[in-house]
Structures are given as C-alpha cells and as structure tokens.
Amino acid sequence: MKENRKNTPNVPNLRFPEFSGEWIEKRFEDIAKFSKGKGISKLDISENGATECIRYGQLYTDYSEVISEVISKTDIENKDLVLSEENDVIIPASGETQIDIATASCVMKSGVALGGDLNIMKSNENGVFLSYYLNNAKKLDIAKLAQGISVVHLYASQLKYLKLNIPSLDEQKRVSKFLTILDERISTQSKIIEHQESLMKGFIQQIFSQQLRFKDKNGKDFPDWKSNRLGEIAEIVGGGTPETTKPEYWNGEYNWFTPTEIKQKYIEGSNRKITALGIQKSSARILPEKTLLFTSRATIGDVGITKVECATNQGFQSFLPNGKYDTEFLYYWIKINKKKFIRKSSGSTFIEISKGEIQKVRIQMPSYQEQIRIANFLSSIDDRLETEKQVLKQYKQQKKHLLQNLFV
C-alpha cells in the first residue's frame with residue numbers, strides 16, 4: 001500500500017500500488033436506484049420462519065458493514081415482502097439521532113426480506129465498498145441530511161444528491177476485500193476473547209464454591225477453608241480529597257485515583273497527582289504498592305491492584321491484607337462476590353457502603369499456600385486474556401487508521 005503525499009484532489013491518502021488516477025465525483029443517484037422496504041413488525045418475527053428478514057433497528061445492534069448471515073426470519077408471504085438482491089446497500093430511514101441513522105450495510109444474499117423504514121440502494125458499484133465508504137468518510141454528510149427531533153428521518157430524496165467520490169470497480173473490490181478480511185479477524189479475535197472470558201468466569205465460580213480444589217506440592221489436600229470477616233484479614237482504608245483551590249496540594253509526586261480510573265486489574269498512573277502536603281491536609285493516605293483499591297461509592301465493588309504508591313479520593317475503601325492473606329486472591333474473590341457489597345450499600349443521592357459494613361462481610365479463606373495457587377492459576381488466564389485484548393485493540397486501531405485514509 002502506498003501513501004499519497006501530494007494532496008492530489010480526489011485521491012485517498014493510502015492506496016494499493018496497482019491503482020492510479022483520481023476518483024470520480026458523482027451524485028448518489030448517478031450510481032444507484034432507490035427504493036424502500038416493507039413493514040415487518042416484531043410480532044412478524046418467527047424462529048422457524050420461511051424467509052430471512054432484516055428490520056431497520058437491527059442495523060444499529062446486530063449488523064455492521066457486511067451482512068452475510070441473517071439472524072431473523074418471518075412467515076409473511078413473499079408477495080407481501082420486499083426481497084433483497086445480492087449487493088443491495090441498506091440505510092435506516094428513521095432513528096433516534098442523526099449520527100446513528102447514518103449506518104449503511106451491504107446485504108450479501110438475495111431473497112432476504114427488507115423491512116419498512118429501510119432505504120434500499122441498488123447499484124452496479126461494489127456494495128461492500130459503498131457501505132464502508134458511507135459509514136465512515138460520508139457518515140457526517142449523511143447525518144446532516146437527516147431531519148427531526150425526537151425521531152429523525154432520512155429520505156431517498158435527500159440521499160440522491162449526496163456527492164460521492166468513486167474509484168474503478170476493481171479498486172472498489174480491492175478495498176472492500178481488504179477491509180472485510182480485517183473485520184473477519186476482528187470478529188474472530190472477539191470470539192476468542194469471549195471464550196476466554198467464559199472460561200475465566202467458570203473457573204472462578206468453581207474455585208470459590210470449592211467445587212474445584214488444588215493440591216499441595218506433595219499432592220495432598222490443602223486444609224479446609226475457614227470463615228473470616230474482611231475486617232479480620234485486612235485493614236480497610238478510606239480516601240480523601242485535598243482542597244481543589246490550593247495549588248500547593250496538587251501536581252505533586254503521588255498518584256491520586258478516582259473510581260472512574262479503576263478499569264483493569266493492575267493500576268499504574270492516575271489522571272491527577274497530589275503532593276505530600278495535600279495528603280497531610282486531607283483524609284487521604286499514602287497507600288503502598290499492591291494495595292487492593294475498592295470503589296465504595298456510586299459504583300460499588302470495582303477493584304484494582306496498585307503497582308505504585310498512591311492515594312485515593314473518598315470514593316474508595318481500600319484493602320491492605322495482613323501477611324496471611326494474598327491480595328490477588330482477594331481481588332478475584334471480590335469480583336465474584338460484588339453483589340454482597342451492593343446489598344449492604346445505602347443512600348439516596350448515591351449509594352455507598354461504609355467501612356464498618358465492609359469489615360463485617362464474611363469470606364471463606366483457604367490456607368495461604370492455596371490462596372497463592374489459586375491466584376497464580378487465575379492470573380495466568382487473566383494474562384492470556386489481556387494479551388488477546390491487546391491484539392484486538394491493535395486490529396481496531398489499524399481499521400480506524402485505514403478507514404480514515406482509504407477513502408476520499
């Protein structure tokens with residue numbers, strides 16, 4: 001793939017090397033014929049229906065640029081339906097917002113019933129190319145055409161005059177095939193992650209219900225688990241916020257976390273930092289590395305393990321386990337027992353669980369050696385899962401870059 005550095009009009013920034021020349025500007029009506037689908041209600045959907053069908057709302061939830069497999073069926077007779085032809089491009093005729101309605105998909109099958117409130121475009125151009133193009137380079141232009149407030153509408157009479165830049169059919173096919181392959185990789189990677197997450201959930205449930213037990217290094221059973229209160233196994237530490245009007249309290253050396261930043265297992269950098277003086281002049285406290293941060297206000301029970309010294313705001317009641325208890329084991333136990341904490345929370349403006357209530361929560365604890373075995377086992381799955389998520393992230397970043405540069 002080559003990069004266009006000359007800012008030539010009607011030439012994309014990235015292009016396959018076998019193609020040259022400018023893309024041709026055309027109006028949508030020059031390359032497509034427009035029609036509408038015919039009403040299919042939710043009541044018309046039948047699991048064992050004879051005809052596959054697509055309703056306009058599914059373009060927002062179930063489908064992307066390419067529709068190869070159709071998930072719904074209907075028993076409405078074909079004479080009362082509008083049926084697709086392979087390569088049809090469909091766009092909703094109504095939606096909730098202007099930007100949402102600018103959603104195009106290419107139907108890759110003939111004979112699919114297309115529901116009401118669907119604009120249908122039949123063209124000799126490549127439908128997959130058009131769908132990617134319309135969904136990205138032309139999304140804002142389409143959104144501007146939509147009209148309405150509580151419900152917005154998009155009509156063929158508006159779409160007809162949309163200006164498009166179109167390459168040769170061979171180049172369209174090359175671009176669409178490349179993007180389709182990338183989307184297939186994204187889909188496969190998403191399924192890998194979904195499978196790993198399902199495995200993880202299953203193992204956690206079996207382990208903490210003690211259906212799955214580990215053996216010690218000599219192959220013998222570990223001792224029975226014992227019931228404790230959380231206050232007996234860890235110090236519970238709240239947070240605080242220095243006065244925001246005092247600049248000497250801020251932009252210091254200590255990471256200062258808020259609940260919205262607890263999105264992954266290991267927590268490193270924060271959005272804001274406070275000074276030692278800021279900690280001294282507030283109820284915040286310096287927490288050592290490997291503290292288990294626990295959100296206790298508004299959002300209850302999100303957890304993360306610190307990799308740095310830090311402090312938190314008052315939206316936390318964090319855990320400092322004593323020497324007999326493993327932080328990572330507690331991390332996984334809280335994730336599966338989040339509802340225990342939610343049930344003990346209260347409040348009107350926002351819900352909150354107090355330090356006292358957290359201390360009273362009971363937990364079944366194995367021996368320290370078994371805690372380590374469990375934590376290491378679950379962490380190994382977590383690490384593989386994180387690797388797969390990074391691969392997916394890279395695919396999505398690649399797709400975003402390509403979509404920004406493959407079209408005019």
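For every helix of n ≥ 4 consecutive DSSP H residues, a contribution of -39,500 (n - 2.57) applies; sum these over the chain, divide by its total residues, and give [θ] at 222 nm rounded to the nearest 500 deg cm²/dmol.
-10500 deg cm²/dmol
For Thr260, Thr74, write out the residues from largest to smallest accessible area, computed with a 1.4 angstrom probe and no ligands counted.
Thr260, Thr74
Please report the Cα spread of region 323-408 along all three principal axes, rounded to whole Å, starting with the longest.
62, 42, 18
Using θ = phi - 60° and the Karplus relation 6.51 cos²θ - 1.76 cosθ + 1.60, list the HN-Hα couplings for region 236-252 in order, rounded to whole Hz, with x at every Gly or Pro.
Each residue of region 236-252 in turn: 9, 10, x, x, x, 10, x, 4, 6, 8, 9, x, 6, 8, 10, 6, x Hz.
Out of Tyr63, Ile300, Gln390, whose Cα points farthest toward the positive end of the dipole of the chain (charges: +1 Lys, Arg; -1 Asp, Glu; placed on Cβ)?
Value: Ile300.
Taking +1 at the Cβ of each Lys and Arg and -1 at the Cβ of each Asp and Glu, which of Ile192, Leu277, Gly127 sits farthest along the dipole of the chain towards its positive end, judged by Cα position relative to the Cα centre?
Result: Leu277, furthest along the dipole toward the positive end.
With a 1.4 Å probe and every protein chain left in place, work out the accessible area per residue of the chain in Å², rounded to a whole number.
For the chain, the per-residue accessible area is 53 Å².
From the phi of every residue in region 82-97, what ³J(HN,Hα) in whole Hz does the Karplus formula 6.51 cos²θ - 1.76 cosθ + 1.60 yield, where θ is phi - 60° and glycine or proline is x?
Result, rounded to whole Hz: 9, 9, 6, 10, 3, 5, 4, 9, 10, 9, x, 9, 8, x, 7, 10.
Provide the per-residue ³J(HN,Hα) series for region 129-144, in order, calculated from phi with Karplus coefficients 6.51, -1.76, 1.60 and θ = phi - 60°, each as a whole number of Hz, with x at glycine and proline positions.
Going residue by residue, I get 4, 4, 5, 4, 5, 5, 6, 10, 5, 10, 4, 5, 4, 5, 4, 5 Hz, with x marking Gly and Pro.
Return the long-range amide H neighbours of Met365 (sequence gap of 5 or more, or a different chain), with a cut-off of under 5 Å between placed amide H atoms.
Close amide H contacts, sequence-distant or interchain: Lys226, Ser227, Asn228.
Which translational diffusion coefficient, to the nearest whole µm²/s, is obtained for the chain from the Stokes-Einstein equation, given a Kirkwood hydrodynamic radius over C-alpha pairs, 25 °C and 0.890 mPa s?
95
To the nearest 20 Debye, how big is the dipole of region 3-115 about its Cα centre, given +1 on the beta carbon of each Lys and Arg and -1 on that of each Asp and Glu?
Approximately 300 debye in magnitude.
Please identify every one of the trypsin sites (Lys or Arg not before Pro) in region 7-66 that sits in a loop by DSSP and has no more than 16 other beta carbons within 10 Å of its own beta carbon.
Lys38
In nm, give the distance between the simple-model label positions of Ile71 and Asp30, each being 7 Å from the Cα along the Cα-to-Cβ direction.
Simple spin-label model gives 3.8 nm for this pair.
Gap in Å between the Cα centre of region 141-186 and the Cα centre of region 270-337?
47
Spin-label point model (7 Å from Cα, Cβ direction): what's the Glu235 to Ile372 distance in nm?
2.3
Only four residue types carry charge here, +1 at the Cβ of Lys and Arg and -1 at the Cβ of Asp and Glu. Report the dipole size of the chain about the Cα centre in Debye, rounded to the nearest 20.
Using only the charged Cβ atoms, the result is roughly 980 debye.
Between Phe222 and residues 5 or more places away or on another chain, which pairs have amide H atoms under 5 Å apart, with H built 1.01 Å from N, and which residues are they?
Amide H to amide H, under 5 Å and 5 or more residues apart or across chains, Phe222 pairs with Asp216.
Under 11 Å from the Cβ of Ser105, count the other residues' Cβ atoms, weight Lys and Arg +1, Asp and Glu -1, and hand me the total.
-3
Amide H to amide H under 5 Å from Gly238: which residues, 5+ apart in sequence or cross-chain, H placed 1.01 Å off N in plane?
Correct list: Ser318.
Suppose every K and R has +1 on its Cβ and every D and E has -1 on its Cβ; what is the size of the dipole of region 252-408 about the Cα centre, in Debye to the nearest 20?
The dipole of region 252-408 has a size of about 480 debye.
Taking only C-alpha pairs under 8 Å that are 6+ residues apart, what is the relative contact order of the chain in percent?
Normalised by residue count, the contact order of the chain is 16 percent.
Can you give the convex hull volume per residue for the Cα atoms of region 1-132, as a whole number of Å³?
Per residue, the Cα convex hull of region 1-132 comes to 131 Å³.
Lys/Arg Cβ at +1, Asp/Glu Cβ at -1, dipole of the chain taken about the Cα centre: which of Pro321, Asn78, Thr97 is farthest positive-ward?
Selected residue: Pro321.
The values are calculated or read from the model by the stated rules, or taken from the named source; none is laboratory data. Not measured: the values here are computed from a predicted model. Neighbour counts are summed over all protein chains in view; Cβ atoms, including those assigned to glycine, are modelled from backbone coordinates with ideal geometry. In case anyone asks, the SASA skips ligands and DNA or RNA and just uses the protein heavy atoms, side chains included. Shrake-Rupley method; radii C 1.70, N 1.55, O 1.52, S 1.80 Å.
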